[in-house]
Amino acid sequence: MALIKFLPTKPKINFIGQRKIFAVLSSAMVLGALVLFLTLGLNFGVDFRGGILLEVKTDGPADLGELRSRLGGLGLGEVTLQEFGASDDILINLQRQEGDEAEQIKAIQVVKDALGETAAEYRRTEFVGPKVGDELKQAGLLATVLSLLGIGLYIWFRFEWQFGVAALIALIHDVIATVGFYAITQIEFNLATLAAVLTIAGYSINDTVVVFDRVRETLRKFKKAPLSEVLNRAINSTLTRTVLTSVTTLLALIALFLFGGQVIRGFTAGLIWGVLIGTYSSIALAVPMLLYMKVRGANLAAADDSDEDERESEEAGAGATSTS
């Protein structure tokens with residue numbers, strides 16, 4: 001309630017006047033994300049890179065150094081260990097073994113024998129072949145591209161082509177920035193975090209559609225006003241709604257991040273970043289793009305004139321009916 005009281009009811013922030021600063025910031029963010037992706041890369045989980053994954057609860061705090069040396073001498077290839085939310089909960093990653101499924105099961109048993117009584121409980125055991133991992137990468141990339149194109153087409157038909165192009169640019173910006181976030185944090189990138197990327201695209205476009213709808217409404221209402229003034233008016237009229245929606249969403253996501261457990265922490269961390277970047281791009285990137293594409297055109301005026309003609313026709317018809 002305190003936040004609502006302090007938010008201005010009719011803000012007058014000159015977002016369009018700062019569009020060049022936003023453009024530089026967004027460009028730097030995208031370039032930085034691409035550099036991080038190409039240099040650091042993503043920390044692909046077993047879903048995408050293939051291999052064997054075990055989640056083990058140990059009998060007391062785990063000595064990762066001792067366990068690494070113990071498992072590293074088994075002749076199973078690359079072995080990585082990390083804590084998974086608690087000092088007695090660890091993830092063990094093994095490279096995929098040569099051979100069929102029987103060889104993978106054999107390797108898992110070798111690890112279990114080596115751990116012995118150190119392991120109090122095996123919570124998860126998974127193995128994925130490299131072929132399946134490659135197929136999941138391709139399917140994930142295809143799903144992301146198709147979802148972005150579908151959203152862009154929807155905006156095109158819902159509004160006009162300028163809105164569709166602006167929304168698509170903002171979405172690509174959000175997706176690349178999110179990939180950069182996962183690259184710099186090295187949070188495991190798996191199917192759950194891929195779902196977070198697609199969820200971010202959906203959240204971002206929801207914000208963008210609300211602002212675009214107000215832009216179209218304001219364009220028709222203030223036909224003779226400068227385009228920059230009209231766009232600023234549209235952004236400011238939806239700003240309070242946008243901020244409150246984002247804050248309430250963030251409160252839920254932060255609670256999930258803190259108390260939801262390690263399994264969904266990568267997913268919720270990505271969503272927290274996505275809500276912030278999606279809110280930013282809807283206001284500071286998507287709408288200013290309309291200024292460069294001169295969105296005020298004959299199409300909106302024609303649509304408005306058509307609506308007025310239709311209303312006049314309906315009123316004339318209603319008057320004729322009442323006269324008769």
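Things worth noting here:
- Verdict on V179 being part of a helix (DSSP H, G or I) and under 29 Å from L53 (Cβ atoms): yes
- Screening D89 with (1) over 36 Å from the mean Cα position of the chain (by Cα); (2) at pLDDT 75 or above; (3) surrounded by 15 or more Cβ atoms within 10 Å (Cβ to Cβ) gives one miss only, at (1).
- Every condition in (1) modelled with pLDDT of 75 or more; (2) within 30 Å of M293 (Cα to Cα) holds for K10 except the one numbered (1).
- Those residues of the range 109-135 which are modelled with pLDDT of 70 or more and under 30 Å from A196 (Cα atoms), in sequence order: E121, Y122, R123, R124, T125, E126, F127, E135
- Each residue in the range 44-61 was checked for being more than 27 Å from A183 (Cα to Cα) and in contact (Cβ under 8 Å) with a residue 40 or more places away in the chain, and 3 of them qualify.
- Close pairs (8 angstrom Cβ cut-off, 6 or more residues apart or separate chains): of a type in the set (S, T, Y) in the range 248-265, part of a helix (DSSP H, G or I) anywhere: T249/Y203; T249/V275
- Flag if R214 is out of contact with any His (no Cβ under 8 Å at 6 or more places or on another chain), under 18 Å from A284 (Cβ atoms) and among the charged types (D, E, K, R): yes
- Residues satisfying the stated conditions in the range 184-232, i.e. under 19 Å from A143 (Cα atoms), surrounded by fewer than 19 Cβ atoms within 10 Å (Cβ to Cβ) and β-branched (V, I, T): T199
- Pairs are defined by a Cβ separation below 7 Å, a sequence spacing of at least 6 or placement on different chains, a first member in the range 183-200 that is in contact (Cβ under 8 Å) with a residue 24 or more places away in the chain and assigned by TED's automatic domain parsing to the domain that holds V275, and a second member that is outside any helix (DSSP H, G or I) and of a type in the set (F, W, Y); the pairs so defined are F189/F44.
The values are calculated or read from the model by the stated rules, or taken from the named source; none is laboratory data. Keep in mind the model is a prediction, meaning the values are calculated, not measured. Cβ coordinates were reconstructed from backbone atoms using ideal geometry, including for glycine residues, and neighbour counts include every protein chain displayed.
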